[in-house]
Every structure is written in C-alpha cells, then in structure tokens.
Amino acid sequence: MTENIPQKRGVPLWAQISIWVFLVALLVLVGIILGKRQQGNVQPGDKIPDFSLPLFSGYEYAGKSEVKLSDFQGKVVVLNFWASWCKPCEQEAAELEEAWKSYEADGRVVFLGADYVDTEPEARAYLKKFGITFSNGPDMGTKISQMFRISGVPETYFIDPNGVLYYVKIGPFVSVDEIKSIVAQKLP
Amino acid sequence: MNNTFYKKSLRITYLALLLLAALLVSTSIVFAQDDIPTDDDVNEVAKQLYCPVCENTPLDVCPTEACRQWRELIRTQLGEGMTEQQIKDYFVANYGARVLSEPPRTGLNWLVYILPPVIILLGAFFLFRSFREWTKASATAATISAERSESESSPAKDDYVARLEEELKKRK
Amino acid sequence: MLAEFGFGVLVVSLVVAIYSGTAAVNGALNKSSAMVESARRAMLLTFPLISIAAGTLIYLLVNNHYEVAFVYEVTSRSMPTYLKVTAWWGGQAGSLVFWSWLLAVFTSAVTLRKWDRDIEFLPWVVLVSAVTLTFFLGMTVIFENPFARYWLANGNVAPSMFSPASGATIFTPDDGQGLNPLLRHPGMVIHPPMLYLGFVSFVIPYAFAMAALITGRTDDRWIRITRRWALWAWLFLSFGLVLGGRWAYDVLGWGGYWGWDPVEIAAFMPWLTGTAFLHSVMIQEKRGLLKHWNMILIILTYALVIFGTFLTRSGVLSSVHAFANSPIGPFFMGFVSLTLVASVALVIWRWPILRSETEMKSMLSREALFLLNNLLFISILVVCFWGVIFPLVSELFTGQKVTVGPPFYERATAPLFAGLLFLMAVAPLSAWGHSTVQTLGRAIWKSVTAALVIVVVLFFTYTKNIVALVGFFLVALALSATINEFWRGARARQKTQNENFFTAISRLMGRNRRRYGGYIIHISMALMAIGILGIEVFQTQTQGTLAAGESMDISGYTVEYRELASWDSTGEGVNHTRAVVDVYKNGIYLGELNPRIDYFFDSQQNMTIPGQRSTLRDDLYVLLVDWQPVSSIGATFKIFVNPLVNWLWIGSLVFLLGVIFAAWPDNDPAEETARRNVSRSNRQPSAAD
C-alpha cells in the first residue's frame, strides 16, 4: 500500500554519532568558558608565568627598555595596572610613588606600572602629573592583563621573590602605609 | 652724517625684512594646520574598529573619555600620513585582535569564514539527495501516478478557482 | 518583613512546582488520572503564588525600600513611578522573577483548556512546564534572590536573606543607584516584556511537541493545538525585536537599529526557526509532509531560547546587553544540558514514527519550495550561531579574544535573505504536487515584468548601485506577486459570485484569514526590506564643530546651529543640554530640531537623544556630540541621513496588522469544514493503493 513511501527508518548511525558529538562538544565548550568567566583574577598562591613588559622611554629599569618578570628573581615585585582615563587610579598614584621612593635605595623591591589599554601621550601626561619615577610601560595587546585576568583598573598584584603571587589589591590604595605593610610581609 | 643715516636705514630694512620673513613663516604654519584630518576622516577609520575597553561598542560611537582619546589618536595618525591599514595594525598590536570588527584571517580564524558555507552546501546536498530518493520511489508506480498528476498539473489559477467553486457549491 | 514574606511565597511556589512535576510523572506512569489532575491543579496554583511574590517585589521597588539589595541596585528616588515598576526587569534577580511569572501565566492558561481529546498529553505538558518553572524559581531562590537585604555585621555590609550573624542589623541606604540611564525610557516599558513574552510562550508548543514524542501520538493533533500558540509567541518575539531596533535607533545615538551584537543575535535565532516552523506546519497540515522538520524546528526554537537566555545571563557572552557575571551560571548550564539532551534523545527515539504520508514529486512544487524555505532559514541560523560561538572557540583554543561583527554577518546573510525574498514571491504561486518551470513561469511573468520596469525606472531616477537594484527588484517582485494574489482571488470570486470588487476582496480575505494574513505579513516584510536597503546602502553621515550661526551640509540638507541651553531638572536628577538647529533644504526652511544630552547625576552617565526629521524619503538625524560649556565657542554635531528608513517602521505596523488578522479566530464553522476537506483531499497518496 505504501511501499513507495520512504520506509520507517530510524536515524542512521553516523548521523546519531555526529549529533551527539556536536552537542557534547558544544556543552563542553560553553562549560569551560563559563568556568573561566567565574574564575576571577589570579589568586594568592598561584605561580606567575614569566611575562615581558616594554617600557616607555624615560621610564627604563637599569637602562633596559624592556623587562621580564624573571629579571626580578629574588625581589618583591609590586605590579600595578592603571590607565590615564581611570579616575580611581589617580587616588593612589602619589601614594605609589611615595612608597616606591621609600624602597628605591633598598634594592629588594621593584615597582612596575602596566598601562592598560591607553594612549601614550595621555599616559605620559598622567605620569608627569603625579611625578611617577618607577618603571612604566604599556601592556601591549592586553597580554599581561589577560594573564592576570583583571576585571578593571586599578589593580595591584604583589609577587614574592620566588615568583609566587601573595597579595591582590583591587581598587586604589588608601594610604602609603597600606602599601608598605603589604610589601613588608615578604621582606625579612 | 650720511653714513650713519645710511646704516640706520639699512638696519631698519633688515628688521623689516626679518619681520616679513617671520610673518610668512607663521602663515605657512597656519596653512599646514588646515590639513588636520576632519571628524569624518576619523570616523571613517573609527567605524571599523571596536572600543578596546567597552563591550561590543564601535569606536566612532563610544561616548567615553578613553574613546575620545583614541579618536584623537587616529586623527594624529592620519595627519602623520598613516594609512587605514597601518592604523588598524597599530590598534591590534596595542590592544589585541578584538578591536577589529572581524577576526583577522589567520590560523584558526579561517574556520569562521569557511565553516558556514561548507555546512550550508552540505545541507543542500543532503536535501537534494533525499529529494532524489523520494522522486525515484514515486517513479516506480509511474503510469498511475502520471495519470493522477495530469489532473493536478493544471495551472495554479484554474486549480484554485475550481477548488473554490467546488467548496462554495458544497456550502450553498 | 515584607521581603521575608515575598521570599517565603517564592519558596512555596518552588515546592508546588516540584510537586506538580512529580505528580505528573507519577500519574502518567501509574495511569492515575487523579494524580494527573492533582498535578494540573498544582500547576494552576503557581500563578497566584508567583503573582503575590511579584506584587510584593513591585511594592518594594515603588516604595524606596533600599535595604533590599535589588531595589537599591535598580531604583533611585529621582526615578518616576512607572520606571520604578519597569525596574522589576531591570536587573538579573528581578527579571528572573518576571520570567517565572510569565511562565506561570502561560502554563496556567494552557492547563485551563479543554483536555478531553488530548488527555494523554496533559501529564507530559505539565511535566515540561513544571521542570522549567522549577529551574527558574530554583535559580531565583538559591542564587539570585531579589528579596535579599543588606545586613551590617562586624563593620561589613553585605546582602543576605537572613541575618548572617547574631547582632547583625539591617542596613538601609538613603538612596538607590538607579537604573542605567539608557534604560530610563518608555521603550523599557515594552521591549523587554515583549521579548520575554515571546521567549516564554514558546514553552507551550515545545511542551506539546515533547508530549507528542513521549506518547507516540505524532499525528497532527499536537500541531493543531500549538499552531495558534506558536503564532502568538512568534508575534511577541517579532515585535520585541522590532521594538528593540526602534529603541536603539531613537535613543542610543549611533544612527542604527541593529548592531549584530551577540545578545541581539541570541534573540534573533529563535525567530528564524520559529518563522520556518510556522511555514513548515502548513505543509504538514496540507500534505502530511515535513513532520521531521516540524518537530526539529519547534524544539530548536525553544532550545535556542533557553540557550540564548543562558548565554546572556551567565556572563559567557560579552555585550552591552549582557547581565553582569552571575552565580547562576553552572545551575543554568545544567538545565540547558538537560533540555538539549532530553530533546535530542526523544527525537532520535521517535524518528521512525514521524513518517510522511505522501511524497514530493516536483522540485518546484509548493512542498519542495517550502523545504527550500526551511533550508534558507536554517542556513541563516548556522551563520548566526557560528558567529556567536566562534569567539568562544577562539578564546578556548588560542587564548585570543576576537570580535565577530557586522561585516561577517552582512556578507554571509545578504544572499540568504535575498533568496527568502525571492521565495516569498515564487512559492505562493507554485502548485501543490506538481509544478514545472512552465507553470511557474506562466504564473509569475507579469510580476517579473512589473518588477523589471520598476527597477529600470529606479536605475534612471534614484541609483545605479547594483546591490540596491537587485534588492529593489526582489522587493518589487515580492510585492507585485503578493498583491497579484489578492487581485486574482478577488477576480475569481467576482466571476463566480457576481460580487463587486470590494466585497470580493473582503469576503476573500475573511474566508481565508491565514492565507491572506500571511500575504499581508509578506508585504510588510517587503516594506521593511525597503527600509533596510535604504539605510544600509545609502546612509550618509558627517561630523563637525560649529560655532553659533555656522552650518553643515549633507545630502542636500543644510543644518545651521542656532543656540544651546543647559539646565538641571532636579526632580529627575538630570542635567539637560539642548541645542537648537535649523534645517534647510535647497534654501527652504524646514523646521528646527533639538538634539540633546541628558546627564544623570546618580549614575554619572550620559544619554544622547537625537533630533529627528522623518519623512518617507529619508530621516535627517542630528546628534549633539559635544559642546564647549563656556560661551558658545562651538558645538559638535554628528548628522546622519538615512534614506527610506521609515519604511522599516511602516512595515512593522503592517506586520502587526497582518499577524492579528491571520491569528483572528475564524467565526464561520462551515468555512472551517471546507478548508479541512480541501486539506484532506490533498493528502490522498497519489500512487495507486
């Protein structure tokens, strides 16, 4: 009666496998990305991979126009993310410079400024306005900020002499003492 | 006395010439400033870029202070003679590939451009093949179905009118 | 006190929803109609319960209860009352309650229908509804509680439902943060609710599809029931999308109506499959074909709604529309996975019994063209889906974040949309069963000629742009072919009924609302296409700084800057800066426009409102970009001229009329029978039995 109508076939095996593979792949992809979003920034205890930061001319470190984290093995590194268009960053700029000045002679502490998604002329104007002297440079291609998974500026990451993160400060510091007390944790 | 007067007038002439030269130089600087890229020139480039900080906002539209600075940066770069492509490359190097409105055609990103046409063509192919199977199946009872189709193949217009008349008759 | 009450009611609703689902399954498996009836009543109960919770939340919003965290986040004293109500869906927690409430509205409505003929569907429809409601209420109660209040404990203020420590006290801020200024607009009143209505109402067709698969009753019954639901869901969704476009155009200040933003696309994808579904079901009703397609399309539509909602609310997608990072992510992910896996498994299991009753014979028959229609819609879906997913793929495999933006989508979808326009013209003219190039050609040559004539005229008077001309040709073709259908049908009636032309047309349309409503919708789509072609191909823009008295030229218009004023509206917490510009065309004064910038004190954000002059021919769209506050040294204006864009809005109004007409219940029972007879006769297998 109905022989010339397509038979009662199930879904062919190759199609079933493809559909399930696709579905599982999609869910896994979305799940992993969701996990990444929920991760937040790097946490104390994480080992920080090596990264390199090119520096603005006039803000070199020991004559070098590009520095790597590994250059500072054995020192406490204070890495501050900022931008010239970021109003809260201005609240802590003078404090950071003052804290740096107090550690400059010591030699065991390094302050680094990573300029996040900014334009050089405005960045220089900002640095000049607050009399910043510690090494600063642009975070090219947002590679470093993505590695730290920052969610905005200003954020400051304190790395101990072994390259392990030990403190995260989200938002501007309220005082020089605050900065110094955190640095002091890793200075014998 | 003639000598002093002569020297004085020479000095005045020199001063006048100096002043004239200065005037000429300054006006030529003013003329050079007329070559500043217009807002439209800037927007032409900014339209094709996305704000590096905000979410999915084109750079020519973004209202923040930072975006204003980027647009001024583009203006400066255009004034220096950078081409559109060079400006885009600069932005990518500084802020990452997400500032472009399309993924750059490198590496894995080729998948974006290739996969949709491939999938669509595959889909069309499968559909066509299934269709062939259906029509082949119906052709096995060729004679009878041919006779049946004859009556159905009348042009759409008469078919419609015929059916309409049929139904209207039923209802009257 | 009130917040605790609201929370309590939500918890009770959750329990009732869980009970309803369990009872439904229990009743179905044990064949106990009493159990199923109990489940149905429980489902019905969720509506008044959630309404009470929603009412409580609205009361808190309107009455400045800033100790409630959600109220603090989305309202402020300077907001007018109607905006405080709309703030209900202005943040994640509240909008989840809104979702749940809409879900309860629809599922209760469906439980109130007469179930006698479809009693075996009932438990499964209730189950699907209950599971969905459980998830949404669960997310609200556990993760995004709108009734959480601020508690002060140990010098810290944090939101929590109940006291976090002994001795903690409730903390009440003086004023709220207020809604994002971009949302403080009448559009907020209607765009999100319309979209949510569209999304949520697709649950019902989906539930019936699931019920049909589970019970094995895959004949037309489930489609007949859900067709009208699907049509209304589709109407709400379509209108939600159009309203979003209009709102963006009016208020967001970038002179556009659609940005191909991932969240916009997430709302657009279910519309694509929904439209394909509405067309495809016609084929199932008339010819018993495409059953697999219809099942897949309706499930895809709902799956895309849920998946899109998840992507938007979980923080996975980055977009101006997206909600901030939220803890509901993993839980929602679980629900999405459950929905997708269950749907796919059921379809694969029941695939064999979804067999067609007849077969297609000609590639140009109406059935085949509808199949092509499905293919085109799915193709657009593939492009959109891949464009949304790829940035995630790139991020995962290369760590590099990329943007997939308008150039990609426009280039890929333009030919597909053109194909749809073409089908819109050709498919209604094709015959059921058998069509050849000759028969189609005979039916369409007049429309083709008319369209060609129009295009030639446009070529000499309007534009030489190839893309635009092709687009206009297809639009003209679709319009003339569709209008011709009205003409032909009316003439046929005149011949047989001896009616005058106007009676013929109105009777013709009245007797077959679905068909002619559909044609009106097609006409509206063609009109919208005119608007889209105009603005996409011919938009011009310019920007410049003017001193008072200076002017700018663009596309024949001259815009002269007259003056600027700035004042505070303290009642609303806004500072207005308004410019006055005069518009001239060919030296003739056309009027003045008032572009302005509103600055909102509490959120420190700007809103840019354009001055618009709209005609059928084009829109003159003037934005105040910037100004020098001290004396009128100059103001910066950005001006767009958007040709033909108002046809987009006109088309959307025609669309609304068309859908209402198509969905209007038929009041002539004899005509219903007639149509059913015609359908039945068309489904006789044409091979000898």
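Worth pointing out:
- Number of the condition not met by C:W349 [criteria: (1) under 23 Å from C:P270 (Cβ atoms); (2) in contact (Cβ under 8 Å) with a residue 12 or more places away in the chain; (3) in the same structural domain as C:W258 (by TED's automatic domain parsing)]: (1)
- Among the candidates C:A211, C:A267, residue that is farther than 22 Å from C:L354 by Cβ and either not assigned by TED's automatic domain parsing to the domain that holds C:R77 or not in a helix (DSSP H, G or I) (or both): C:A267
- 1 or more residues of a type in the set (V, I, T) and outside the structural domain of A:P154 (by TED's automatic domain parsing): qualifying strands (runs of 3 or more DSSP E) within segment A:28-130: none
- Filter result (within 23 Å of C:P406 (Cα to Cα) and hydroxyl-bearing (S, T, Y)) within segment C:263-295: C:T273, C:T275
- Every test in (1) buried (at least 19 other Cβ atoms within 10 Å of the Cβ); (2) within 37 Å of the chain's Cα centre (by Cα); (3) in a strand (DSSP E or B) is passed by C:W151 save one, and that test is (2).
- Search result, residues across segment B:89-135 that are within 7 Å of another protein chain (Cβ to nearest Cβ), in contact (Cβ under 8 Å) with a residue 12 or more places away in the chain and not in a helix (DSSP H, G or I): B:G96, B:L100, B:S101
- Residue tally, condition under 30 Å from the mean Cα position of the chain (by Cα) and among the hydrophobic types (A, V, I, L, M, F, W, C), over segment C:17-41: 2
- The residues listed here are A:L53, A:L27, A:L34, A:L13; of these, the one that is among the aliphatic types (A, V, I, L, M) and exposed (fewer than 13 other Cβ atoms within 10 Å of the Cβ) is A:L13.
- Those strands (runs of 3 or more DSSP E) lying entirely in segment C:568-629 with at least 2 residues more than 31 Å from the chain's Cα centre (by Cα): C:574-585, C:588-593, C:618-627
- Yes/no for C:S379 being modelled with pLDDT of 95 or more and not hydrophobic (A, V, I, L, M, F, W, C): yes
- Of all residues making up segment A:102-119, the number that are buried (at least 19 other Cβ atoms within 10 Å of the Cβ) and either more than 30 Å from C:V402 (Cα to Cα) or within 14 Å of another protein chain (Cβ to nearest Cβ) (or both): 10
- Reported count of residues in segment C:354-367, each being of a type in the set (D, E) and either outside any helix (DSSP H, G or I) or facing chain B (nearest Cβ under 9 Å) (or both), is 2.
- Among residues of segment A:102-145, those that are touching a Pro at 6+ places or on another chain (Cβ under 7 Å) and more than 15 Å from A:W85 (Cα to Cα), counted: 2
- Among (1) away from chain B (no Cβ under 14 Å); (2) surrounded by 14 or more Cβ atoms within 10 Å (Cβ to Cβ); (3) among the polar types (S, T, N, Q) - the single one A:Q73 does not satisfy: (2)
- For A:E122, the requirement of being in contact with a helix residue (DSSP H, G or I) (Cβ under 8 Å, 6 or more places away or on another chain), among the acidic types (D, E) and more than 11 Å from chain B (Cβ to nearest Cβ) is not met.
- Screening the candidates C:W99, C:W89 for the property of being under 19 Å from C:F143 (Cα atoms), touching a Pro at 6+ places or on another chain (Cβ under 8 Å) and aromatic (F, W, Y) yields one hit, C:W89.
- Test result for C:A276, crowded, with 21+ Cβ neighbours inside 10 Å, over 25 Å from C:R350 (Cα atoms) and not polar (S, T, N, Q): no
- Segment C:368-401: number of residues that are more than 10 Å from chain A (Cβ to nearest Cβ) and over 27 Å from the mean Cα position of the chain (by Cα): 3
- So A:P161, is it touching a Pro at 6+ places or on another chain (Cβ under 9 Å) and assigned to a loop (DSSP other than H, G, I, E, B): no
- Candidate set from segment C:320-339 (those that are surrounded by 19 or more Cβ atoms within 10 Å (Cβ to Cβ) and over 13 Å from C:G91 (Cα atoms)); member that is nearest to the other protein chains (Cβ to nearest Cβ): C:G329
- Residue that is modelled with the highest pLDDT [pool: residues in segment C:107-127 that are crowded, with 21+ Cβ neighbours inside 10 Å and more than 17 Å from C:M35 (Cβ to Cβ)]: C:T107
- Within segment C:415-443, being outside any helix (DSSP H, G or I) and of a type in the set (A, V, I, L, M, F, W, C) holds for C:A431, C:W432.
The values are calculated or read from the model by the stated rules, or taken from the named source; none is laboratory data. Every value quoted in this text rests on a predicted model; they were computed, and no experiment measured them. Heads up, the Cβs are rebuilt from the backbone with ideal geometry, glycines too, and the neighbour counts pull from every protein chain shown.
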